[in-house]
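Report on the following structure.
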Amino acid sequence: NELDRNKKIIGEEAAKYIKNGMTVGLGSGSTVYWMLKKLGERVEEGLDVKGIPTSKKTERLAKEFHIPLLEFSDIQQIDLAIDGADEVDEHLNLLKGGGGSLVREKIVDAEAKQLIIIADESKLVLHLGTFYLPVEVVPFGWEVTASRIAKLGGSTTLRETNNHVFVSDNGNYILDCDFGQIKEPATLHEKLKLLVGVVETGLFVGMTTNVISTKNGKLIKLA
Ligand code: DER
């Protein structure tokens with residue numbers, strides 16, 4: 001369908017930015033899927049690249065597409081990371097975590113010399129916050145962490161999948177938080193990070209300078 005077609009052209013475009021010899025941060029999500037597929041084809045054609053995955057799901061896909069993988073202990077630097085997003089505001093601040101991989105994504109994305117975000121036109125917003133903000137929390141005492149977040153003005157929902165509490169790749173829980181429109185993402189992120197029990201937030205502020213998206217189904221690039 002239209003959305004998948006947009007994700008495919010964006011993901012395949014992003015794969016072109018990967019140069020021979022690079023160490024690449026491999027993001028997570030359904031747009032990244034198309035980048036991984038195209039990267040796998042380029043590896044089959046002889047491209048020399050090493051990937052560092054941002055989730056177990058991405059690790060599985062990379063292996064399926066024969067993309068060589070590295071552990072953090074093996075790498076000198078991450079030349080480029082390519083990742084998805086749930087929302088992108090006009091300052092290119094991001095709301096991420098819809099797929100539950102925000103902690104490993106942020107660790108890899110923050111380490112990369114360059115971060116390219118691949119997000120179709122449905123993700124481009126004036127203000128972050130229409131999509132609930134995922135916050136990863138330690139399971140122990142998550143209830144009191146949730147009430148601390150509520151005091152900041154965010155109503156929280158413990159994320160579940162198939163009627164079970166969702167557990168991240170890091171063994172933590174995710175609270176999906178409704179803060180309404182987030183006009184000051186940096187401020188909210190900092191307040192949340194200071195709360196006892198909070199591991200990481202889905203606010204990726206000032207981390208990217210390049211977004212590949214679409215407009216009426218045509219590729220556009222935001223810088
Ligand atoms: O969780 C994330 O931040 C992922 O990047 C994901 O939400 C991206 O969304 P997509 O599956 O629509 O690409």
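Amide H of Val199 versus every other amide H placed in the peptide plane: which residues, excluding those fewer than 5 positions away on the same chain, fall under 5 Å?
When sequence neighbours closer than 5 places are left aside, the close amide H contacts are Glu136, Val137, Val138.
Run the simple label-point estimate for Ala110 and Lys221 please: 7 Å along Cα→C-beta, distance reported in nm.
Going by the 7 Å Cα→Cβ label model, 2.8 nm.
Quick one: if the Förster radius is 25 Å, what FRET efficiency do Val138 and Leu69 give, using the C-beta to C-beta distance and rounding to 0.05?
Approximately 0.35, to the nearest 0.05.
Going by Cα centres, the range 50-67 and the range 98-123 are how many Å apart?
15 Å
Do the alpha carbons of any pairs in Lys38/Lys221; Lys19/Lys56; Lys56/Lys113; Lys7/Lys96 sit beyond 21 Å of each other, and which pairs?
Going by Cα-Cα distance, Lys19/Lys56; Lys56/Lys113 fall outside the 21 Å limit.
If you put +1 on each Lys and Arg Cβ and -1 on each Asp and Glu Cβ, how big is the dipole of the range 75-133 around its Cα centre, in Debye rounded to 20?
Here the size comes out at about 200 debye.
Kirkwood-based Rg over Rh for the chain (C-alpha set), two decimals?
With Rh from the inverse mean 1/r over Cα pairs, Rg/Rh is 0.97.
Farthest toward the dipole's positive end in the chain, which of Ile149, Tyr17, Thr58, given Cβ charges of +1 (Lys, Arg) and -1 (Asp, Glu) about the Cα centre?
Tyr17
Under a crude label model (7 Å from the Cα following the beta-carbon direction), how far is Thr130 from Arg42 in nanometres?
3.1 nm
Pull up all non-local amide H partners of Leu128: gap of 5 or more, or a different chain, and H-to-H distance under 5 Å with H placed in the peptide plane.
Ile182
Taking the chain as a Gaussian network, where each spring joins two C-alpha atoms under 10 Å apart, which residue of Glu136, Glu45, Glu59 fluctuates the most?
The residue that fluctuates most here is Glu45.
None of the figures in this text is laboratory data; all of them are computed from the coordinates on show. Nothing here was measured: the structure is a model prediction, and the numbers come from that model. Cβ: placed from backbone, ideal geometry, glycine included. Neighbour counts: every protein chain shown.
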